[in-house]
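Below is one structure, written out as structure tokens; the observations come after it.
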Amino acid sequence: MGITERRLRQRDEVRSSILATAWRIVTEEGWQSLSIRKIADAIEYSVPVIYDHFASKEDILLEFARDGFRLLTKKMEQAKNKHTAPAEQIRAMADAYWNFAFRNKEYYQVMFDLGIPCIEQEKCLPEKVGFRELMSAPISTILGKKSNEDLACLKSHTFWSILHGLISIKMMRTSDMCEELNKMVLDDAINGFIKNLNP
């Protein structure tokens, strides 16, 4: 291995170490505890070394948001592919989304800025495009001939709003409903949404 290759490998190893350490801090102490200084202290590097890899803490958060959207899209796609009927695909994706949110709270929080500093995701997260397209495909199929780009976009956003709204209420601990009742509310809302799609 040449000097250039060795340096690139070492750089990649430091970057991976920064991300792994940041993730450990987040899972053990929460997003509010994450700082460049804390990461540097944990991996025993100077702060400038961290800044050599990431321009800011927000860049690290964005990296985690990308990972989260890739993982969520994969889970939803797997759930969707188990069914051929569009209505069942929508229900399966809703369940996959719900399960992802509560099994991966740290990812979900950074993906949707729940309780952490806002990051400008729209410009930097192409992973959101695949996520949106996956959600809109069975919705457009059910809408059929009355479907157009604006209506499909509206209905896809409505679908996401139902999911995200119920999850956010539960995740931010403003709901006094038990988990089972929360899931029943989700199922009822999704069934109503699907019924409303049918011509």
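Which aspartates and glutamates, on any chain, are close to residue 82 with Cα under 20 Å apart, when same-chain ones fewer than 8 places away are left out? List returned: 95, 133, 187. Only helices enter the 222 nm calculation for the chain: every DSSP H run of n ≥ 4 contributes -39,500 (n - 2.57), and dividing by all residues gives -25000 deg cm²/dmol, rounded to 500.
Using the structure shown, select from 80/145; 105/145; 38/128 the pairs with a Cα to Cα distance greater than 32 angstrom.
Working: 80/145 22 Å; 105/145 38 Å; 38/128 30 Å.
105/145, as the Cα separations exceed 32 Å there.
When the chain is treated as a GNM with alpha-carbon contacts under 10 Å, the residue of 28, 88, 77 showing the greatest mean-square fluctuation is 28.
In terms of the mean number of neighbouring beta-carbon atoms within 10 Å, the peptides 140-152, 31-43 order highest first as 31-43, 140-152.
Give me the percent of the accessible area of the chain that comes from carbon and sulfur atoms, probe 1.4 Å, all protein chains in place.
Values: 5660 of 11250 Å².
The C+S portion of the solvent-accessible surface of the chain is 50 percent.
Can you give me the Rg/Rh ratio for the range 1-49, using Cα atoms for both radii and the Kirkwood formula for Rh? Could the numbers behind the result be given before it?
On the way: Rg = 12.7 Å, Rh = 11.6 Å.
The Rg/Rh ratio comes out at 1.09.
Calculated accessible area for the chain comes out at 57 Å² per residue, all protein chains present (probe 1.4 Å; ligands, DNA, RNA ignored).
Along its three principal directions, the equivalent ellipsoid of the chain from the Cα gyration tensor extends over semi-axes of 37, 20, 14 Å, largest first. Could you compute the net charge surrounding residue 46? Neighbours are other residues with a C-beta less than 11 Å from the C-beta of residue 46; K and R count +1, D and E count -1. So the environment of residue 46 carries a net charge of -2.
The values are calculated or read from the model by the stated rules, or taken from the named source; none is laboratory data. These numbers were taken from a predicted model, which means no experiment stands behind them. When we count neighbours, we look across all protein chains shown, and the Cβ atoms used for this are built from the backbone with ideal geometry, even at glycine. Areas reflect the complete protein model, heavy atoms only, side chains present, ligands, DNA and RNA absent. Shrake-Rupley method; radii C 1.70, N 1.55, O 1.52, S 1.80 Å.
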